[in-house]
Amino acid sequence: FTILKSETERKRLMMKQVFCILLLIGSLGAASAQPGWNWPEDKATAEEKNALYSDAIQLKMYADAIAPHQWLLDNAPDLNESIYIKGIKLYDELQEVEKDAAKQKEYQEKVMSLYEKRIEIYGGEGDARNRQAYSAYKYFKKDKSKYEYLYDLFNRTYETNKPEDLSPNNIVAYMDVTRIYKLSGGPVSDDDVLEKYEVIQTTIDAQIAAGGDEGRLNKYK
């Protein structure tokens, strides 16, 4: 009886495994057929690379995701917006743990380039700039050589977003970017500083009016 019971359990386990495999295959097929996926001529390789880098990111094996992800960027750059969304996460995670300063900067620049390519192909500039500015400030706020880049990026972020849509994380950061760029010798006049100040105040007021965290926003103000 014990042998028969074990055999029954083994068969049930096998059937469960087969069911899971069939379910996975069906899910992959459905994902491939979803609108928004622009598979290249070599679809089989693209599907393989897409699965490899996605699984590596999910398992937090970020270094293993680099090669298959880069293959997609090189051979299927308009495959799907997800390769940029996930790619930004990939290189942000890599730069976070990287000890070598030069390599860390390379990963940070990769994040910036992925934002640019995402905007170029898929649009949605306002939301993308919001996220990009946050990352750029985190990466470059102590790098004098990047102050002009930060200043221009934050200007563009504010130009492409309604005040109420701007990330609260980019409020004080915008004033700080203006400050450090001016103090480092950037061509920012006193009038420019006052103009940015007024823009930021308007942003805060708009976010409070839209139901934002009034205590937090007034602290920023």
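How far apart, in nm, are two points set 7 Å out from the Cα along the Cα-to-Cβ line at residue 169 and at residue 214?
My value for the distance between the label points is 2.6 nm.
Sorted by accessible area (1.4 Å probe), largest first, how do 131, 118, 216 line up?
Ranked from most to least accessible, the order is 131, 216, 118.
Suppose accessible area is computed on protein heavy atoms with a 1.4 Å probe; arrange 150, 73, 52 from highest to lowest.
Order by accessible area, largest first: 52, 73, 150.
Please state the shape class of the range 27-159: rounded when a/c is under 1.5, otherwise prolate if a/b exceeds b/c and oblate if not, all from the C-alpha gyration tensor.
Oblate, since a/c reaches 1.5 and b/c is not below a/b.
The values are calculated or read from the model by the stated rules, or taken from the named source; none is laboratory data. The structure displayed is predicted, hence computed values, not measured ones. Quick reminder, even Gly has a Cβ in these numbers, built from the backbone with ideal geometry, and neighbours come from all protein chains shown. Only protein heavy atoms, including side chains, enter the accessible area calculation; ligands, DNA and RNA are left aside. Shrake-Rupley method; radii C 1.70, N 1.55, O 1.52, S 1.80 Å.
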